[in-house]
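I have placed the structure first, in the form of structure tokens, so that the comments after it can refer back to it.
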Amino acid sequence: MKKTMTLFMALALMVSVLTGCGAKDTGGSGKESDTIKIGLNYELSGNVATYGQSSVAGIELAIDEVNKDGGVLGKQIELIKVDNKSDSAEAANVSTRLATRDKVVAILGPATSGNTKGATPPAMQNKVPLISSSATDDDVTVDSNGKVREYIFKTCFNDSFQGVTMANFAFNDLKLKNAAILFDNTSDYAKGLMNSFKKTYPSLGGKILVEETYQAKETDFKAVLTKIKSTNPEVIYIPGYYEEVGLIVKQARELGIEVPVLGGDGYDSPKLLEIANKDSLHDVYYTNHYSPMDTAPEVVAFKEAFLAKNGKDADAFNALGYDLAKFLVDAIDRAGEANSEKIKDALASTKDFKGVTGSLSIDENHNPVKAVTILELVDGEPKFLKKLEP
Amino acid sequence: MDMLVVNNLYKSFGGVKAVSDINMTIDEGEIVGIIGPNGAGKTTFFNLLTGIYNPSSGDIVYKLKEEVSAKSFKPFKMTKYGVARTFQNIRLFKDMTVLENVLIGYHNNFKYGILSSIFHLSSYFKNEKKGNEEVTQLLKIFDLYDKKDTLSKNLPYGEQRKLEIARALASKPKLLLLDEPAAGMNANETKELTKLINWIRKEFDLTIILIEHDMSLVMDICEKLFVFDYGRLIAQGNPESIQKNPKVIKAYLGGE
Amino acid sequence: MIMEEIIQQIVNGVSLGSIYALIALGYTMVYGIIKLINFAHGDIYMIGAYVGFALTTFLKLGFFPALILSMVICAILGVIIEKVAYKPIRNSTRIAALITAISVSLFLEYGMMYFFKPDTRTFPSLLPDKQIKIFNTDAVLDIKNVYIIVVTISLMLLLQYVIHRTKVGKAMRAVSLDRDAAQLMGIDINKTISNTFAIGSALAGAAGVLVGTYYNSINPLMGVVPGLKAFVAAVIGGIGIIPGAVFGGFFLGITETTISSLGGSLYKDAVAFAILILVLLLKPNGFLGKDVKEKV
Amino acid sequence: MKILNKKNILSILAILIVYAIVELLTHLGVIDSYIQLNLILIGINIILAVSLNLITGFTGQFSLGHAAFMSIGAYTSGIVTAKLGLPFIVGIIAAAVVASIAGIIIGIPTLRLRGDYLAIATLGFGEIVKIIAINNDYIGGAVGLNDIPQYTNWTWTYFLVVLTVFIIYNFIKSYHGRACIAIREDEIAAEAMGVNTTYYKILVFTIGAFFAGIAGALYANYFSFIKPDSFGFMKSVDILVIVVFGGLGSISGSIIGAIALSLISVFLQNIPELRMVIYAVILFLIMVYRPQGIMGNVELKLFNKKGGLNGYAGSK
């Protein structure tokens, strides 16, 4: 008896609290409101808070600029920033809240593939477009039956794309036949890149000598590096993020491993140079969306504006976040109405959107078609090497 | 008829002999006292009798509900063999009520399975009803029924001692081991305890072994005494003979 | 070539182990005296690194002044944490104590994240960047590692001296054995526990600065994994035993390196935890601990 | 004969009425998908908290690895429903069974450990389970397992919560449950009274893991995506915090705790940068000012006039 009463009371309390706070939120969100609401579902706390916060910094810069220029469709954009705690269930919770309570027209985020997958089902059910600028995993936008997820988009490469590109580059351009792999096995991103490299490289005729792993937040990589060194590879593929890669490259050079190091867009951060220092960063090649050293006016303008606003140089997450916001605004503009359904259609039909990180079109799988740039680090500075059109 | 036989019992901890060369036989229905100075090995002996320690060598054989020897002793099996005990430094279940404490003593007399407990099948009700009735009976005997819903930690000291005995009796033992039952009691309480022990022995048809420092209690109720010193059994016999035994006097008054 | 790899891996193991050992020292000491798993220890280590970072980057202090100052600041922080957080729960249950320690740990991690952003920061290079070649092979040892090992061993000896030879240390041991009795003997319990925390936290602070310069990258969550590993190391060596922590640190470092070098880097941490469980089961008082039986 | 007494009929009615009200409100649109999601989340947390309470609160076995059992259940149900395409009920049962086998496996070796040491060993066990999941490519490794069919709904969650509470509550009310509480109070005395402590410790780990497995299945089939680090150390701490917040040894406390902490979490979504700091402060304040939790170890008195959860207490 008492347990049911407890349950009952608890439920009553719950419902009243939740509906209560909902009622407040829905106040100004009628169709005729003078702002357009965009939800941000990001990792603002928890173990990947860096990526979430960096993406949001880029988004906020872009939206500031848009609002200063008069907004879109004559309305200002209002960002509703909610934290998903770096947890996929919480990301689902936030998605639902943004869609049903805050009545946003679109959701940006989350930063990682896992949390984006968590955020996906509510976005699909509530028919609100959700776009991530860094959820690189292939099945973010396509389900296991190969069917595209109607409301989900991404503006970054698929993991497989970068891995394939690097495998080709290593084999054909650098002409190196024996590779070692070292990847972050707790990161879906690194694992994705690694898998496609592992598939492509041998098919070209290369040989993978050894495959080793590390874990995010580790700081000592000498044991695996020594192991790799003993197999005498000609090149090492290290997909991962700059925090660890910086340390890995530095420690590899200390151990006397001087062979080229290859990686992906996780390398793109001014921190890489700070952590690894100049002397270690030679013969490092990575795939990226753009060259931060690009002198194109929009790149320069973005970098200056970001530095002015945030007091530090932009990294890949910042740039991708910035482009993501501009990309959505562009779609809202083309949709002609702040309506989720129309925005979704506009997003799906994006052609040659020009952003800081290059121009992109959305393909039938809701993935971007965009050029990949290969950069080489020379004395720690990224140098443009080549650009591969898709 | 003998119900406990101890043969050449030794127990050592890391080379130090705590109990050595104990031989004794205890008959059914006796009240037996174990006395000796502090550190004489009495509690160790109790722990050997209840399976908390295994003998280093020698054997202990009970002939109660069935004949068992030290090899098959496990603390939790002792009540099944008909042996229950109390502790020197009262070990009640502090945050449980008086009734619940005694129900734990009754543990092995409950006979229903996990499924029955989860779904409260009829065997659950039958068992719980019977258990509650028997335990209630016991609490009334010990004058604790009025306090059955009191948390045991809130009982006065003397009643905690009594509750511990009641809890042990709930397991329906044949042999009751009491480790310093009168410790911390005043003369009046001790007197009452003496009466109680005598009474329960008759009422429940028990054999009782007790460790005690209070000589008045020991001399009062024990029919036979065993005296320990330095882990050895130095004397045994009826209270009068023990009082006169020079070895015992020496052990108690010191070796000078 | 094979020989060289083995030598290099031994060097790697020792150098990793020295870091675990350094952090484990403070962990084991606090546990030894007040029987509290101070989950916040790893975070004090993180704060030590940030203090070192601030002192060297903004005040341009050298290595040793930064190390000493950071130890002092961490000691003060440790005492504050003890007074504010642990003192009120000193007589609570173990579970309350453990959750309080977790809450302090979260508070420090996310407080730092709030004030200083979650970004990784780079520690200025304070010590000479030099590699020593061993036995004329290609195996190398980072000179900074020599510093860490020397500091770890000296701190261990110093701690042993403090605990066994000084009045403060004797008071600590007395409190650890029987708090009530110690109090009856006129030992100031509060002061002794404060001392314990001050010393333990100072050790964490030292570790923070040393490891900061060694890896030159710090972030607010940097204390979590090393903290956990250091705890494992402390348990392996026998928690509460100072030389045990150092032994456990090296043991864990060398074990992890061995597993990685045998190609098991995927399961390196799993093996570390499996060893932890095995040690707890087979030798609950650690390799250097004595077995004690519960009194009935 | 006593199964259909007045009290039980009232209980069943109350359970059904609560269910019907929620269903009705859902149809009326008062409960939208956001509230429903949170109701389900709370339900999952109640199952986790009540089952951990059995292990830690009632039996006194300090576990920091409860999320590992949940993870085993989640992956099992994920495999059964997504990869093998079997119905949800099969997934739930498989999840519960596999998790409880893990409960036995972890229960046996850790029997020798107490207090802090047991906590650390279970923490280690949780990490090992996570690392194995990360390295297993069949279940997606670090990438996670995606596109698990979304079977979990309010009905499943609600009745599984009721079932969990019913079973664990009844268990506690039996002599088996009293034996567990006795182990918490004094293991040596419990053994001397004939309680087979080994058996009961393994039993509660098994039952606790069983329900954590069910919670995992509900979780996997609701969020339709799982990854190993959703079930890490912090998740175990979250569950433990619910239990301690509500009161160790109080089932109604665990229910209230699950609701309160879920609401706090919803509220904290709006202040992301300070969320964990505030969470830490709340934890700390509870430990200092009310270490026994909201309910202590008693149940809601209002509905339990006989008092005293722990005993049979004559409520025949």
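The values are calculated or read from the model by the stated rules, or taken from the named source; none is laboratory data. This is a predicted model, so every value here is computed, not measured. Positions of Cβ are generated from backbone atoms using ideal geometry, with glycine treated the same way; all protein chains shown enter the neighbour counts. With ligands, DNA and RNA removed, areas are computed over all heavy atoms of the protein, side chains included. Shrake-Rupley method; radii C 1.70, N 1.55, O 1.52, S 1.80 Å.
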Looking across region D:177-199 at residues that are open to solvent by 10 Å² or more (accessible area, probe 1.4 Å) and more than 7 Å from chain B (Cβ to nearest Cβ), the single one that is nearest to residue B:172 (Cα to Cα) is D:187
How many of the residues making up region C:226-268 are over 25 Å from residue A:227 (Cα atoms), among the small types (Gly, Ala, Ser), assigned to a helix (DSSP H, G or I) and open to solvent by 10 Å² or more (accessible area, probe 1.4 Å)? 0
In region A:60-85, which residues are within 14 Å of chain D (Cβ to nearest Cβ), open to solvent by less than 20 Å² (accessible area, probe 1.4 Å) and within 17 Å of the chain's Cα centre (by Cα)? A:83, A:84
If you scan region A:252-267, which residues turn out to be in contact with a strand residue (DSSP E or B) (Cβ under 9 Å, 6 or more places away or on another chain) and within 14 Å of another protein chain (Cβ to nearest Cβ)? A:252, A:254, A:255, A:256, A:257, A:266, A:267
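Table: residues versus (1) under 21 Å from residue D:134 (Cβ atoms); (2) modelled with pLDDT of 90 or more; (3) touching a Ser or Thr at 6+ places or on another chain (Cβ under 6 Å).
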site	(1), (2), (3)
A:142	no, yes, no
A:145	no, no, no
A:160	yes, no, yes
A:175	no, yes, no
A:179	no, yes, no
A:182	yes, yes, no
A:187	yes, no, no
Out of the residues in region A:178-192 meeting the condition of being buried (at least 21 other Cβ atoms within 10 Å of the Cβ) and in a strand (DSSP E or B), tell me which one is farthest from the other protein chains (Cβ to nearest Cβ). A:179
Is it true that residue D:268 is within 14 Å of chain A (Cβ to nearest Cβ) and touching a strand residue (DSSP E or B) at 6+ places or on another chain (Cβ under 9 Å)? yes
Which residues, counting only those in region D:297-316, are open to solvent by 10 Å² or more (accessible area, probe 1.4 Å) and either away from chain A (no Cβ under 14 Å) or modelled with pLDDT of 80 or more (or both)? D:297, D:310, D:314, D:316
Pairs returned, first residue in region C:223-237 that is facing another protein chain (nearest Cβ under 8 Å), second residue that is aromatic (Phe, Trp, Tyr) and in a helix (DSSP H, G or I), beta-carbon separation under 6 angstrom, 6 or more apart or interchain, are C:231/C:27
Going residue by residue through region B:157-180, is there one that turns out to be at the interface with chain D (Cβ under 9 Å from one of its Cβ atoms) and touching a strand residue (DSSP E or B) at 6+ places or on another chain (Cβ under 7 Å)? yes
Looking at D:48, D:84, D:25 in this structure, which one is more than 12 Å from every other protein chain (Cβ to nearest Cβ), open to solvent by 10 Å² or more (accessible area, probe 1.4 Å) and of a type in the set (A, V, I, L, M)? D:84
If only one of D:38, D:53 is under 28 Å from residue C:96 (Cβ atoms) and touching a residue at least 40 places away in the same chain (Cβ under 8 Å), which one is it? D:53
Keeping to region C:20-36, report how many residues are in contact with a Phe, Trp or Tyr (Cβ under 7 Å, 6 or more places away or on another chain) and surrounded by 24 or more Cβ atoms within 10 Å (Cβ to Cβ). 4
From (1) in contact (Cβ under 8 Å) with a residue 40 or more places away in the chain; (2) over 13 Å from the mean Cα position of the chain (by Cα); (3) more than 10 Å from chain D (Cβ to nearest Cβ); (4) open to solvent by 10 Å² or more (accessible area, probe 1.4 Å), pick out the condition that doesn't hold for residue A:160. (1)
When you go through D:69, D:62 one by one, which is the residue that is in contact (Cβ under 8 Å) with a residue 40 or more places away in the chain and outside any helix (DSSP H, G or I)? D:62
Restricting region C:204-222 to residues that are aliphatic (A, V, I, L, M) and open to solvent by 10 Å² or more (accessible area, probe 1.4 Å), the residue that is farthest from residue A:274 (Cα to Cα): C:221
If you scan region B:6-16, which residues turn out to be surrounded by 16 or more Cβ atoms within 10 Å (Cβ to Cβ) and either over 16 Å from residue B:232 (Cβ atoms) or of a type in the set (D, E, K, R) (or both)? B:11
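Hey, can you tell me all the residues within region D:147-178 that are of a type in the set (D, E, K, R) and over 22 Å from residue D:252 (Cβ atoms)?
The one that is of a type in the set (D, E, K, R) and over 22 Å from residue D:252 (Cβ atoms): D:147.
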Return the residues of region A:86-109 that are within 7 Å of chain D (Cβ to nearest Cβ) and either assigned to a helix (DSSP H, G or I) or within 14 Å of residue A:47 (Cα to Cα) (or both); say none if nothing qualifies. A:87, A:88, A:89, A:92, A:93, A:94, A:96, A:97, A:100
I need the full set of residues from region D:265-291 which are free of Cβ contacts under 8 Å to residues at least 60 places away in the same chain, open to solvent by less than 40 Å² (accessible area, probe 1.4 Å) and either among the β-branched types (Val, Ile, Thr) or farther than 13 Å from residue D:241 by Cβ (or both), in order please. D:268, D:269, D:272, D:275, D:277, D:286, D:288
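May I ask you to verify whether residue B:93 is open to solvent by less than 50 Å² (accessible area, probe 1.4 Å), within 14 Å of chain D (Cβ to nearest Cβ) and part of a loop (DSSP other than H, G, I, E, B)?
Working: open to solvent by less than 50 Å² (accessible area, probe 1.4 Å): yes; within 14 Å of chain D (Cβ to nearest Cβ): yes; part of a loop (DSSP other than H, G, I, E, B): yes.
So residue B:93 fits the description; yes.
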Say whether the condition of being within 14 Å of chain A (Cβ to nearest Cβ), assigned to a helix (DSSP H, G or I) and surrounded by fewer than 18 Cβ atoms within 10 Å (Cβ to Cβ) is met by at least one residue in region C:48-62. yes
Meets criteria (closer than 20 Å to residue A:186 by Cα and within 11 Å of chain D (Cβ to nearest Cβ)) for residue A:112: yes
If residue A:175 satisfies all but one of (1) outside the structural domain of residue A:58 (by TED's automatic domain parsing); (2) assigned to a helix (DSSP H, G or I), what's the number of the condition it fails? (2)
Residues of region B:1-35 being free of Cβ contacts under 8 Å to residues at least 40 places away in the same chain and not in a loop (DSSP other than H, G, I, E, B), which ones? B:13, B:16, B:25
So residue D:55 ticks every box in (1) under 26 Å from residue D:35 (Cβ atoms); (2) assigned to a helix (DSSP H, G or I) but one. Which box is left unticked? (1)
Hits in region C:87-103 (condition: open to solvent by less than 20 Å² (accessible area, probe 1.4 Å) and facing chain D (nearest Cβ under 7 Å)): C:89, C:95, C:96, C:98, C:99, C:100, C:102, C:103
Taking region A:223-255 as the region of interest, how many residues are of a type in the set (Phe, Trp, Tyr) and within 18 Å of residue C:123 (Cα to Cα)? 1
